[in-house]
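The structure appears below as structure tokens.
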Amino acid sequence: MAPTIKLYYFPMACSIAPHLLLEDSGLPYESIKHNFRDAAAREEYAKTVNPKGQVPALSIDGKVITEIPAILTAISQLAPEKKYLGDDVVRFYEWIGYLGSAVHAKAFGAVFAPFKVIDDAGAHEAAKAKGKENSKAALAFIEGNLKEVKTKFALGENLTGVDAYLAVFVLWARFHGIWDEAAYPSYAALFGRIEKLEAWGRMMKHNAV
């Protein structure tokens, strides 16, 4: 019997990464959009789904899993034939650790939510500027690593959670005007291959804003 899977997401958030894998996996699942802009909805979500008040959250037969590394791992376990952790699991978690901390939290986190970095409203623009600086440095670091990759995707010939997470940052960099295909040709080429996946198109329909 197939498990009951529910993904709680917000359009264009980091929930895009597990959303893409679920679409690619062929697993039956329900996508539930969380309304961050409504205070009552945020409070209800924190009470009933994720006390951290963040997306994504993944429910499997009623058991809620939070945090990108855990969620991507759970999806991989549900569809082992897809090899979403790649052939080298150690490298997968090396990538995911860096993307979650240095890129997501430290870099883009300051761009999207400077108020989480510093309380002084007068310093928010400076925090955003530093976040953009860190984001550009992270994109350059990722480019350097991907330049050495000779396979179709970051960890081999198949799509993995790393590729799905990397795609998130391209969308965010575009939104904030810091994406430069000429500066990141290997990264841009990888994203181009991800965009051609049928699962990408289906996932993006859910994430239209």
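The values are calculated or read from the model by the stated rules, or taken from the named source; none is laboratory data. Everything quoted here is computed from the prediction, not taken from an experiment. All Cβ positions, even for glycine, are placed from backbone atoms using ideal geometry, and neighbour counts span all protein chains on display.
Let's see how each residue does on (1) without any contact (Cβ under 8 Å) to a residue 24 or more places away in the chain; (2) in contact with a helix residue (DSSP H, G or I) (Cβ under 7 Å, 6 or more places away or on another chain); (3) of a type in the set (D, E, K, R); (4) assigned by TED's automatic domain parsing to the domain that holds residue 162:
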site: 11; (1), (2), (3), (4): no, no, no, no
site: 22; (1), (2), (3), (4): no, yes, no, no
site: 27; (1), (2), (3), (4): no, yes, no, no
site: 30; (1), (2), (3), (4): no, no, yes, no
site: 34; (1), (2), (3), (4): no, yes, no, no
site: 38; (1), (2), (3), (4): yes, no, yes, no
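Output the number of residues of the stretch 56-92 satisfying the condition of being more than 14 Å from residue 5 (Cβ to Cβ) and surrounded by fewer than 15 Cβ atoms within 10 Å (Cβ to Cβ).
Residues meeting the conditions: 7.
Condition check: in contact (Cβ under 8 Å) with a residue 12 or more places away in the chain, exposed (fewer than 13 other Cβ atoms within 10 Å of the Cβ) and not in a helix (DSSP H, G or I). Does residue 208 satisfy that? First the steps, then the outcome.
Numbers: in contact (Cβ under 8 Å) with a residue 12 or more places away in the chain: yes; exposed (fewer than 13 other Cβ atoms within 10 Å of the Cβ): yes; not in a helix (DSSP H, G or I): yes.
Yes: the conditions hold for residue 208.
I'd like the full set of residues that are in a loop (DSSP other than H, G, I, E, B), in contact (Cβ under 8 Å) with a residue 24 or more places away in the chain and among the hydrophobic types (A, V, I, L, M, F, W, C), limited to the stretch 172-205.
178, 179, 183, 197 - these are the residues of the stretch 172-205 that are in a loop (DSSP other than H, G, I, E, B), in contact (Cβ under 8 Å) with a residue 24 or more places away in the chain and among the hydrophobic types (A, V, I, L, M, F, W, C).
Starting from the stretch 146-171, take each residue that is in the same structural domain as residue 104 (by TED's automatic domain parsing) and list its partners that are part of a loop (DSSP other than H, G, I, E, B) and of a type in the set (Val, Ile, Thr), counting only C-beta distances under 7 angstrom and pairs at least six apart or across chains.
Close Cβ pairs satisfying both conditions: 153/160; 154/160; 157/151.
Scan the stretch 82-97 residue by residue and report those that are small (Gly, Ala, Ser) and outside any helix (DSSP H, G or I). Let's see the steps before the verdict.
Filtering the stretch 82-97 for residues small (Gly, Ala, Ser) gives 86, 97.
Selection gives 86 alone.
Looking for something part of a loop (DSSP other than H, G, I, E, B) and either acidic (Asp, Glu) or not assigned by TED's automatic domain parsing to the domain that holds residue 169 (or both) - is there at least one such residue anywhere in the stretch 66-81? Even if it seems obvious, please write down each step before you answer.
Of the stretch 66-81, the ones part of a loop (DSSP other than H, G, I, E, B) are 67, 79.
Then keep just the ones that are either acidic (Asp, Glu) or not assigned by TED's automatic domain parsing to the domain that holds residue 169 (or both); that gives 67, 79.
Yes: one or more hits.
Tell me, please, whether a residue that is under 19 Å from residue 14 (Cβ atoms), of a type outside the set (D, E, K, R) and without any contact (Cβ under 8 Å) to a residue 12 or more places away in the chain can be found in the stretch 49-63.
Yes; the residues of the stretch 49-63 include at least one that is under 19 Å from residue 14 (Cβ atoms), of a type outside the set (D, E, K, R) and without any contact (Cβ under 8 Å) to a residue 12 or more places away in the chain.
Kindly provide the set of residues from the stretch 1-34 that are surrounded by fewer than 17 Cβ atoms within 10 Å (Cβ to Cβ), part of a strand (DSSP E or B) and either among the aliphatic types (A, V, I, L, M) or out of contact with any Leu (no Cβ under 9 Å at 6 or more places or on another chain) (or both), ordered by number.
Within the stretch 1-34, 32, 33 qualify.
So that you can scan it fast, the table gives a plain yes or no per residue for (1) in a helix (DSSP H, G or I); (2) touching a residue at least 60 places away in the same chain (Cβ under 8 Å); (3) within 17 Å of the chain's Cα centre (by Cα); (4) more than 26 Å from residue 182 (Cα to Cα):
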position	(1), (2), (3), (4)
99	yes, yes, yes, no
110	yes, no, yes, no
119	no, no, no, yes
123	yes, no, no, yes
127	yes, no, no, yes
133	yes, no, no, no
